[in-house]
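The values are calculated or read from the model by the stated rules, or taken from the named source; none is laboratory data. Keep in mind that what you see is a predicted model, and the values were worked out from it rather than measured. Every residue, glycine among them, receives a Cβ derived from its backbone with ideal geometry; neighbour counts consider all protein chains shown.
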Amino acid sequence: MAVLERVRSRLPELTGALRRVADTVLEDPTAAAHSTIVELAERSGTSPATVTRFCRVLDFGGYADLRLGIAAETGAESKGGWTVDIGREIQPTDSLDRVLSQIMAADAHAMRDTALLLDLAAVKRAAAAIACASRVTVFGVSGSALVGEDVQLSMHRIGVPAWAWTDLHGGLASAALSRPGDVAIGVSHTGRTGETIELLAEAGNHGATTVALTSFPLSPLAELADIVLLTAAQETDFRPDALSARHRQLVVLDLLYVAVHLYRTQPPRRNP
């Protein structure tokens, strides 16, 4: 997993001084990569001991490993032509050309992080389960509801029986009818949407294989799912992450759709 994406994915569980270190690193990764442990502690209003603890929480051997990881990542972005300041707020005087460049840079950055983060083995397991499923149900509310409906349409095109549910009552009725051999997919950027968690848990209680699509691996939704598909968590000042997350979610689900289609069209294996 990319270093900065690892920091973003662990943000919900960080509090106090550890959260201040994380925020400082994400606010200016390049400066963090060039800072000593004392300088980063001063910039974040913490102590060197806190920075060391932060490194351990993120599974780094020490501060040197964190710095090298950030330096390699920010250096790669620089070489790759990331000339737009992704974290910069859009100004009223900005031209549409500038706005377009900033949006494209932010989305491309998030897509790249998602590709680095995604567990392809998990995608294969989910695809195999869906390809053989008697029924696929997709749960998502608000912005995630649109993603769920896209999954339903995609699966129907290749003959997979799929339904998308956006309300709790209808979703619970469907989840209660789940059986072993079914697949239930819960879509939530934060992984903390109460309705989606309840629906996925209900389907799992009745034997369905559960799949979570979220940006946070330690969220309640991820913890209850059998298979977790992760997208990058990257918020910008000009667009809420829950909104921009749809692009990353759709990319992952497009990959899942293709994987299911390939699985279903493979010739049957013959016994030797």
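If you check Ala106 against the conditions, is it touching a residue at least 40 places away in the same chain (Cβ under 8 Å), among the small types (Gly, Ala, Ser), outside any strand (DSSP E or B) and within 16 Å of Ala208 (Cα to Cα)? Spelling it out, it is not the case that Ala106 is touching a residue at least 40 places away in the same chain (Cβ under 8 Å), among the small types (Gly, Ala, Ser), outside any strand (DSSP E or B) and within 16 Å of Ala208 (Cα to Cα). Checking the structure you have, find out if any residue of the stretch 192-201 is assigned to a strand (DSSP E or B), modelled with pLDDT of 90 or more and on the phi < 0 side of the Ramachandran plot. No, the stretch 192-201 contains no residue that is assigned to a strand (DSSP E or B), modelled with pLDDT of 90 or more and on the phi < 0 side of the Ramachandran plot. For the stretch 119-142, the set of residues classified as buried (at least 17 other Cβ atoms within 10 Å of the Cβ), closer than 18 Å to Gly170 by Cα and of a type outside the set (Val, Ile, Thr) consists of Arg135, Phe139, Gly140, listed by residue number. Out of all the residues in the stretch 1-29, which are under 17 Å from Leu218 (Cα atoms) and in a loop (DSSP other than H, G, I, E, B)? Met1, Ala2, Leu14, Thr15, listed by residue number. Hey, does the stretch 48-57 have a residue that's at pLDDT below 80 and surrounded by 13 or more Cβ atoms within 10 Å (Cβ to Cβ)? Scanning the stretch 48-57 turns up no residue that is at pLDDT below 80 and surrounded by 13 or more Cβ atoms within 10 Å (Cβ to Cβ). Which of the residues spanning the stretch 126-150 are in contact with a Leu (Cβ under 7 Å, 6 or more places away or on another chain) and hydrophobic (A, V, I, L, M, F, W, C)? Scanning the stretch 126-150 gives Ala126, Ala127, Phe139, Val147.
Residues being touching a residue at least 12 places away in the same chain (Cβ under 8 Å), part of a helix (DSSP H, G or I) and at negative phi are represented in the stretch 175-183 by at least one member. Taking the criterion of being within 23 Å of the chain's Cα centre (by Cα), among the basic types (Lys, Arg) and modelled with pLDDT of 75 or more, the only residue of the stretch 61-113 that qualifies is Arg112.
If only residues of the stretch 128-144 that are within 16 Å of the chain's Cα centre (by Cα) and part of a helix (DSSP H, G or I) are counted, the one that is modelled with the highest pLDDT is Ser144. Considering only residues of the stretch 3-42 that are of a type in the set (Ser, Thr, Tyr) and within 24 Å of Ala245 (Cβ to Cβ), which is surrounded by the fewest Cβ atoms within 10 Å (Cβ to Cβ)? Only one residue tops the list, namely Thr15.
Here Arg125 fulfils each of the conditions (1) more than 24 Å from the chain's Cα centre (by Cα); (2) in contact (Cβ under 8 Å) with a residue 12 or more places away in the chain apart from (1).
Based on this model, can you work out whether Ala225 counts as out of contact with any Leu (no Cβ under 9 Å at 6 or more places or on another chain), at pLDDT 95 or above and small (Gly, Ala, Ser)? Against the criterion (out of contact with any Leu (no Cβ under 9 Å at 6 or more places or on another chain), at pLDDT 95 or above and small (Gly, Ala, Ser)), Ala225 does not qualify.
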